[in-house]
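What follows is a set of notes on a single structure, which appears directly below.
The values are calculated or read from the model by the stated rules, or taken from the named source; none is laboratory data. Just so it is clear, the structure is predicted and the values come from calculations on it, not from any experiment. Heads up, the Cβs are rebuilt from the backbone with ideal geometry, glycines too, and the neighbour counts pull from every protein chain shown.
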Amino acid sequence: MSPFASIETRWFFEGGADGYPQLRQWFETCTPFPRRAGVGPPQWRGRVDGQPDVYLLMQSCTDMGVKWREGSLQIKGRVADLGTRRFSALHEGRVQRWIKWTYTEVPTAYRLLFDADGGRGLETASVHKTRGLRLFGLESGTPEEVAPATVLERGVGFEMADIELNGKRHCSIAFEAFPDDSTTAGGFDAVVVACLSELAATLPIDASMSYPDWLRG
């Protein structure tokens, strides 16, 4: 598949999503932009095969993520760290640019890297996820919420995930805009600020990090 370039900010919290009712209600009900006809509240879903995402843990490397997801190998590299961004008086996050490659036809030798019995001494982490996803199109002058399965040339994904790692539950909030260019950057700012303007709870900078940073911690 073609590389997927994005601009992202994420926050992670200890405890499952059901332990943050204010955060979950905000995610499911905030309406900063018009909705396309037929778009309803987000549906929470796990992975297609019910299996976890399996990450290779590279303790000295936080600018790359390598994982096995639903039969494909995904390699994601950080292009740039854009520093911290204060979205309002309550919310501050780290903004980064990433590019991801997805490979669906992978030799068995590579698949074994993610196998607990055949991983050749490499450390892995299995992350079970159930997530809700919302999607905002940026293809017109004003952002518009569309169904998550909509194919867009330009948009912003808005995600809340319930995560289990090593028997402990966590949750995360993320915004991911694509493609990575100057036009999308403006749309990313608009969507993140508008969504967060409806959230009374604080998203602090010390909870904002990438997946490789979170797994490393």
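Overview of values
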{"item": "Selection within the stretch 1-18 - of a type in the set (Ser, Thr, Tyr) and surrounded by 11 or more Cβ atoms within 10 Å (Cβ to Cβ)", "result": "Ser6, Thr9"}
{"item": "Residue in the stretch 19-36 that is β-branched (Val, Ile, Thr), buried (at least 16 other Cβ atoms within 10 Å of the Cβ) and either without any contact (Cβ under 8 Å) to a residue 24 or more places away in the chain or within 25 Å of Pro212 (Cβ to Cβ) (or both) present", "result": "no"}
{"item": "Residue list for the stretch 166-182, restricted to those being of a type in the set (S, T, N, Q) and under 22 Å from Pro204 (Cβ atoms)", "result": "Ser172"}
{"item": "Matching strands (runs of 3 or more DSSP E) fully within the stretch 122-174 where at least 1 residues are acidic (Asp, Glu), within 27 Å of Leu112 (Cβ to Cβ) and at pLDDT 95 or above", "result": "155-165"}
{"item": "Every pair of residues 6+ apart whose Cβ atoms lie under 8 Å, when the first sits in the stretch 41-64 and is free of Cβ contacts under 8 Å to residues at least 24 places away in the same chain while the second is of a type outside the set (A, V, I, L, M)", "result": "Pro41/Glu28; Pro41/Thr29; Val48/Glu70; Asp49/Glu70; Asp49/Gly71; Gln51/Glu70"}
{"item": "Selected residue (criterion: modelled with the lowest pLDDT) from residues of the stretch 175-192 that are closer than 16 Å to Ser140 by Cβ and surrounded by fewer than 19 Cβ atoms within 10 Å (Cβ to Cβ)", "result": "Thr183"}
{"item": "Residue in the stretch 93-110 that is in contact with a helix residue (DSSP H, G or I) (Cβ under 9 Å, 6 or more places away or on another chain), within 18 Å of Ala207 (Cβ to Cβ), touching a residue at least 40 places away in the same chain (Cβ under 8 Å) and charged (D, E, K, R) present", "result": "yes"}
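This table checks each residue for (1) among the hydrophobic types (A, V, I, L, M, F, W, C); (2) part of a loop (DSSP other than H, G, I, E, B).
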position	(1), (2)
Ser6	no, no
Phe12	yes, no
Asp18	no, no
Leu23	yes, no
Glu28	no, no
Pro32	no, yes
Val39	yes, yes
Tyr55	no, no
